[in-house]
């Protein structure tokens, strides 16, 4: 495989180990050619350390592959959405490599639960929330989140330690329902105006792009979409209720 893009050169970190490392060992084996020590490390125990940008992206690609396969067919719209995301975030060269890796991952048997537990153990909460948001975006690429994709993303969120309220908040950004704006803010439609104001401030902090700044400017820019959804939900509620 060709050399990795700039987002992988920072290292895979903990994603080099455990079940994710085992999957990547099959997909990007040429990365480790000539280094027997690294070959032995693939799939072994992994020391706790901060998530690198490379590790984050590879974790995302593994989960994206699992979601894309969930409904039994891989759509061109899903591949295009993924490629365009990488083009916007990392440029054409990295996007081309990401799609190549993804195509190989689609041929792998992905132990989703084990992968999610590895991510839960090593990745902070804001970054895991962003993963769920990305996965819904992939599933919704054809304009509809298929039931099997929906169920798998929910399972992924649960296994990664995402609370039901956090999951519903992100879900409501993609799956239409009558209380979507309230669910995004993690409150009931019966909440008082004051409770809503507090909820908005809390969610604005939780989903602020700066929460994932350590993953690099590219991921931080992508995280802005989720932050914008919170602001849009708040504007909808303010308009409905006449909140000043």
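Observations
- Residue 108 surrounded by 13 or more Cβ atoms within 10 Å (Cβ to Cβ), in a loop (DSSP other than H, G, I, E, B) and at pLDDT 85 or above: yes
- Qualifying residue in segment 116-127 (condition: more than 20 Å from residue 58 (Cβ to Cβ) and surrounded by fewer than 21 Cβ atoms within 10 Å (Cβ to Cβ)): no
- Scanning segment 82-93 for residues that are modelled with pLDDT of 75 or more and surrounded by 19 or more Cβ atoms within 10 Å (Cβ to Cβ) gives 82, 85, 86.
- Among the criteria (1) crowded, with 22+ Cβ neighbours inside 10 Å; (2) at pLDDT 85 or above, the one residue 98 does not fulfil is (2).
- Per-region count, segment 168-206, residues within 18 Å of the chain's Cα centre (by Cα), surrounded by fewer than 19 Cβ atoms within 10 Å (Cβ to Cβ) and touching a residue at least 40 places away in the same chain (Cβ under 8 Å): 1
- For segment 82-96, a residue qualifies if it is farther than 16 Å from residue 225 by Cβ and either in a helix (DSSP H, G or I) or not assigned by TED's automatic domain parsing to the domain that holds residue 53 (or both), and the qualifying residues are 83, 92, 93, 94, 95, 96.
The values are calculated or read from the model by the stated rules, or taken from the named source; none is laboratory data. Nothing here was measured: the structure is a model prediction, and the numbers come from that model. So basically every Cβ, Gly included, is an ideal-geometry build from the backbone, and we count neighbours across all protein chains shown.
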